[in-house]
Amino acid sequence: MPIIETKNISYTYSGGTPFEHAALREVDFCAFSGEYIAVIGHTGSGKSTFIQHLNGLLKPQSGQVLLLGEDIHSSKQATRRARFNVGLVFQFPEYQLFEETVARDIAFGPRNMGLAQSEIEARVARAARFVGLSAQQLEQSPFDLSGGQKRRAAVAGVIAMEPRVLILDEPTAGLDPQGRAELLSNIDAYRRETGAAIITVTHSMEEAARCATRVCVFENGRLVMNGPPAEIFAGGGLLEGMGLSLPAPAQIAARLRARGLEIPRGIYTVSALRDAVLSLREVK
Amino acid sequence: MLRDITLGQFFPGNTIIHRLDPRTKLALTLVYIVALFMLKSWSGYALMAALLCAVVFVSKISVRTLLRSLRAIAVVILITALLNVFLTSGTVILKVWILKITREGLEIAGKMALRLIMLICGTFLLTYTTSPLALTDGLESVMSPLKKIRFPAHELAMMMSIALRFIPTLLEETDKIISAQKSRGADFETGGILKRARAMLPILVPLFISAFRRAEELAEAMESRCYHGGEGRTRMKLLRMAARDGLALILGGLTIAAVVFANKLP
């Protein structure tokens, strides 16, 4: 059974006014335990509206959101369960830090869940380990941390709720390359150790290609493509037609193919491209 | 949820009311308020109401929008009217228990309510038809003679326009922070006053920090473009009085005269 599932959800902003704007149209989606799903699409394609439906921040005007088979809007308790089981990290989450120490800020979510003090402390420690914050940093004020560390503290604040689905909206925006790589591997470690599903909104095709087990493409409020990265990044002009680009390795592969080199289709990572190019040399 | 605030909203348009010089509109609004408080007779009220309706019609501002702006102070109007109805002495026309309704009370209450409604509608009309930028430019220009006594007219106007500019930004920011904290299970809806007040903390702290951050960034951006206050500063769009402004001001003067005259009628 999928952990989370949307059935035919639609959402319109400012319905009934001249500013009416359909942000989501009839989206069917499901995520299973252990998946790493990259959500891509143009600005304004409905990605952000979509992820806010998954933890019940927005209520679909038609259709249903099911968490483990239960409609998250069927009761107040169900919505609250969705909040805790579906962790949502917003864009630039470091701007919501507010507590006196990093540890207290990370504990905000677990405290709201009504957990025992010992359990809260255990979770804070675990979450800090996932994102690589030291015990000393936990006792600092979040406002004394560097930008990258603040981001990690904020992500830890959601991870500490130990959600079964972790959603991140452009988690690496504005980080340096090293910070990016570290955060992505932290998130992946969380997925591997807990079996949670990860859903991340990203503008970086390379990131989607490197991490994701599945890619969902949104356009105009619709989920237009949904499949493994090899399929989505196979080329053929569909993505480009939506104003999106292929990951750099897939672009290089396509150009080499155009020059008559025999590079197989479905290559979208640097290592696969390297192997393909090297095997060409062996044939010669 | 925070987007429904209409206070000080501007509805762009190209009517003669929109095109009037902001200084003219400020002056006329002042004249209008003075005239409202000079009103005594019903014919005067009728005159002002007709005037208001005419301006609303010409400015093409929807009546519904205007009435919606009244909602905020509906309670104030109601309480004022009720107090006047019951507490004015005069000829009693209805008596229930210790509450007396007098003819004079009804009249005063009616006039008071009308006056307040027209006051609100008129002043809202100013902000509905004048862009915040034009309004602050106008205010600066009107206050500029005070610069001689070292009154910081330019700085005040700049502060006003910056404050207005940041209202939508901060509203959006607040919305975002609320969503983020809700995602961490923050509960703003249940509990007593104390618990709810404490629940605001996770919103207010990030909001203040981001407001300060934005202020700092803006100050830096302004300074790197050599902003140093109003001294010697010129503008791209100069405020110029046109013939229509003269006409409008004459109409304003006539209104005062008409009110004085109407006060002599029943």
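The values are calculated or read from the model by the stated rules, or taken from the named source; none is laboratory data. All figures in this text were calculated on a predicted structure; none of them were measured in a lab. Note that we place each Cβ from the backbone using ideal geometry, even for glycine, and neighbour counts take in every protein chain shown. For the accessible areas, the whole protein counts, side chains as well, though only heavy atoms, and no ligand, DNA or RNA atoms are used. Shrake-Rupley method; radii C 1.70, N 1.55, O 1.52, S 1.80 Å.
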Take the residues of the range A:49-84 that are touching a strand residue (DSSP E or B) at 6+ places or on another chain (Cβ under 6 Å), within 14 Å of chain B (Cβ to nearest Cβ) and of a type in the set (S, T, N, Q): which is surrounded by the fewest Cβ atoms within 10 Å (Cβ to Cβ)? A:49
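For the range B:123-233, give me every one of the helices (runs of 4 or more DSSP H) that falls completely inside it and has 2 or more residues that are over 30 Å from residue A:156 (Cα atoms). Please lay out each step first, then the result.
Working: elements: B:132-143, B:153-183, B:193-199, B:201-224.
Per the criteria, B:132-143, B:153-183, B:201-224.
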Of (1) open to solvent by 30 Å² or more (accessible area, probe 1.4 Å); (2) more than 12 Å from every other protein chain (Cβ to nearest Cβ); (3) aromatic (Phe, Trp, Tyr), residue A:130 fails just (1)
Of the residues B:83, B:47, which single one is touching a helix residue (DSSP H, G or I) at 6+ places or on another chain (Cβ under 6 Å) and either in a helix (DSSP H, G or I) or on the phi > 0 side of the Ramachandran plot (or both)? B:47
Among the residues of the range A:85-127, the number that are over 19 Å from residue A:174 (Cβ atoms), at the interface with chain B (Cβ under 9 Å from one of its Cβ atoms) and of a type in the set (S, T, N, Q) is 1
From A:227, A:236, A:221, A:157, residue being at pLDDT 90 or above and surrounded by fewer than 18 Cβ atoms within 10 Å (Cβ to Cβ): A:227
Test residue B:100 against the criterion of being assigned by TED's automatic domain parsing to the domain that holds residue B:47 and without any contact (Cβ under 8 Å) to a residue 24 or more places away in the chain, and give yes or no. yes
Pick out the one residue from B:96, B:92, B:75 that is on the phi < 0 side of the Ramachandran plot, modelled with pLDDT of 85 or more and open to solvent by 20 Å² or more (accessible area, probe 1.4 Å). B:75
So if I check each of B:215, B:248, B:180, which one is away from chain A (no Cβ under 14 Å), without any contact (Cβ under 8 Å) to a residue 12 or more places away in the chain and open to solvent by less than 90 Å² (accessible area, probe 1.4 Å)? B:215
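Consider residue B:171 carefully, then state whether it is at pLDDT 85 or above and more than 30 Å from residue A:105 (Cβ to Cβ).
Against the criterion (at pLDDT 85 or above and more than 30 Å from residue A:105 (Cβ to Cβ)), residue B:171 does not qualify.
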